[in-house]
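These notes concern the structure reproduced below.
The values are calculated or read from the model by the stated rules, or taken from the named source; none is laboratory data. Remember, predicted model here, so these are calculated numbers, not experimental data. Backbone-built Cβ (ideal geometry, glycine too); neighbour counts: all protein chains shown.
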Amino acid sequence: MPPESATQPTVWTIKALLQWTTDHFHKKGIESPRLDAQILLAHIMGCPKIELIARSADEPTDDERTRFKDLIRRRVEGWPVAYLVGHRDFFLLSFEVSPAVLVPRPDTETLVELALRAAKGNPTILDLGTGSGCIAVSLAHQCKGAAVTAIDVSPDAIDVAKRNAAKHGVGNRITFLTGDLFAPLSGATFDLIVSNPPYISHAELTELPVDVREHEPRVALDGGPDGLAFYRRIAADANAFLKPGGAVMVEIGWTQEPAVRALFEGRPELTHVTSAKDGGGRWRVVSAKKR
């Protein structure tokens, strides 16, 4: 652990490690100091973080303390916790993540919930910009009759998504394609199109937290000068890939609802444009149906 000081405990138990790390993260401006400390130490100890409470008097080995110290250093340097431990929970499942993919956020679970409500029978679903596969895999896992196609421009992201699909037993129901939005498709149509596209404007990119700005893939964040570049393309092209009565749903930044809604309302081939809020009461999803 850190150099000896008068404020350090004489015995480095799990409880002492968590307290010291929480205080250290707090001083360094880490947003969730206690939670981050718990996730990192649980990873090192190879146990669920809830187990740390029962094991609070245990003393990690010197090797475990050394590895934990390295994770503390990298977290302070700005590395996202999910990349440090290699996974992130999303919609009841655990997903492998790496710097090749965006870290799944709870906000995106709103899109999955709405998609599941819209999925009827044995739907065909298209996930544009699949990243870790968190949306595609969650939909296939929850909707047993669904056939899902997942597309991403990054071959490295597709590799991560394939491993997540295999991990959760849905690899045989997801077709993975590499390419830019609809480009890899030829003649296919779907009951439902979902997407969490890049939507950060160029001005906002510079204001992102350091762990996002410097470590998460820029290709998964950059939505063009005004953040709307991908919404324009999805709104313009979705009709050609939807079955009659099919729906398209996109996650949005909470301030973008009027602009994204207007893009879909401006397409004469689309109708029933609606917006939905996430659990925090912020606009999160815009949907439309094929006329």
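Close contacts from the range 34-56, counting a first residue that is without any contact (Cβ under 8 Å) to a residue 12 or more places away in the chain and a second that is crowded, with 16+ Cβ neighbours inside 10 Å and outside any helix (DSSP H, G or I), with Cβ to Cβ under 6 Å and a gap of 6+ residues or different chains, come to Ala42/Lys49.
Evaluate the following for His215: is it assigned by TED's automatic domain parsing to the domain that holds Leu111, modelled with pLDDT of 95 or more, surrounded by fewer than 19 Cβ atoms within 10 Å (Cβ to Cβ) and of a type outside the set (Phe, Trp, Tyr)? Against the criterion (assigned by TED's automatic domain parsing to the domain that holds Leu111, modelled with pLDDT of 95 or more, surrounded by fewer than 19 Cβ atoms within 10 Å (Cβ to Cβ) and of a type outside the set (Phe, Trp, Tyr)), His215 does not qualify.
In the range 272-280, is there at least one residue being under 23 Å from Asn122 (Cα atoms) and surrounded by fewer than 18 Cβ atoms within 10 Å (Cβ to Cβ)? I'd like the intermediate steps shown before the answer.
First, the residues of the range 272-280 that are under 23 Å from Asn122 (Cα atoms): 272.
With surrounded by fewer than 18 Cβ atoms within 10 Å (Cβ to Cβ) added as a condition, the list becomes 272.
Yes: one or more hits.
Of the residues making up the range 7-29, those that are surrounded by 14 or more Cβ atoms within 10 Å (Cβ to Cβ) and in a loop (DSSP other than H, G, I, E, B) are Trp12, Thr13. Considering Leu93, Leu71, the condition of being touching a Leu at 6+ places or on another chain (Cβ under 9 Å), touching a residue at least 24 places away in the same chain (Cβ under 8 Å) and crowded, with 16+ Cβ neighbours inside 10 Å is satisfied by Leu71 alone.
Just to be sure before I move on: is Arg284 of a type in the set (Lys, Arg) and in contact with a strand residue (DSSP E or B) (Cβ under 7 Å, 6 or more places away or on another chain) in the structure I sent? Lay out the reasoning, then the answer.
Numbers: of a type in the set (Lys, Arg): yes; in contact with a strand residue (DSSP E or B) (Cβ under 7 Å, 6 or more places away or on another chain): yes.
Here the answer is yes, as Arg284 does meet what is asked.
Part of a loop (DSSP other than H, G, I, E, B) and over 21 Å from Ala238 (Cβ atoms), is that true of Lys144? Answer is yes for this residue. Of everything in the range 17-41 that is at pLDDT 95 or above and acidic (Asp, Glu), the residue that is nearest to Gly86 (Cα to Cα) is Asp36. Considering the conditions (1) surrounded by fewer than 17 Cβ atoms within 10 Å (Cβ to Cβ); (2) of a type in the set (Ser, Thr, Tyr); (3) within 20 Å of Ile193 (Cα to Cα), Thr255 is excluded by exactly one of them, (3). Against the list (1) touching a Ser or Thr at 6+ places or on another chain (Cβ under 9 Å); (2) touching a residue at least 12 places away in the same chain (Cβ under 8 Å), the condition His87 fails is (2). The set of residues in the range 208-241 being within 27 Å of Val148 (Cβ to Cβ) and in contact with an Asp or Glu (Cβ under 8 Å, 6 or more places away or on another chain) consists of Gly227, Asn239.
Taking the conditions exactly as written (in contact with a helix residue (DSSP H, G or I) (Cβ under 7 Å, 6 or more places away or on another chain), of a type outside the set (S, T, N, Q), closer than 22 Å to Ile158 by Cα and surrounded by fewer than 22 Cβ atoms within 10 Å (Cβ to Cβ)), does Leu111 satisfy them or not?
Values: in contact with a helix residue (DSSP H, G or I) (Cβ under 7 Å, 6 or more places away or on another chain): yes; of a type outside the set (S, T, N, Q): yes; closer than 22 Å to Ile158 by Cα: yes; surrounded by fewer than 22 Cβ atoms within 10 Å (Cβ to Cβ): no.
So Leu111 does not fit the description; no.
Of all residues in the range 171-179, one or more are of a type outside the set (Val, Ile, Thr), surrounded by fewer than 17 Cβ atoms within 10 Å (Cβ to Cβ), touching a residue at least 12 places away in the same chain (Cβ under 8 Å) and under 20 Å from Met249 (Cα atoms).
Sort through Leu114, Leu92, Leu84 and tell me the only one that's among the aliphatic types (A, V, I, L, M) and at positive phi. Break it down stepwise before answering.
Numbers: Leu114 fails: at positive phi; Leu84 fails: at positive phi.
Among Leu114, Leu92, Leu84, only Leu92 is among the aliphatic types (A, V, I, L, M) and at positive phi.
Listed conditions (1) surrounded by 15 or more Cβ atoms within 10 Å (Cβ to Cβ); (2) touching a Pro at 6+ places or on another chain (Cβ under 6 Å) are all met by Phe241, apart from (2). Residues of the range 233-288 that are farther than 19 Å from Arg117 by Cα, in contact with a helix residue (DSSP H, G or I) (Cβ under 6 Å, 6 or more places away or on another chain) and either among the charged types (D, E, K, R) or outside the structural domain of Leu126 (by TED's automatic domain parsing) (or both): Arg267, Glu269.
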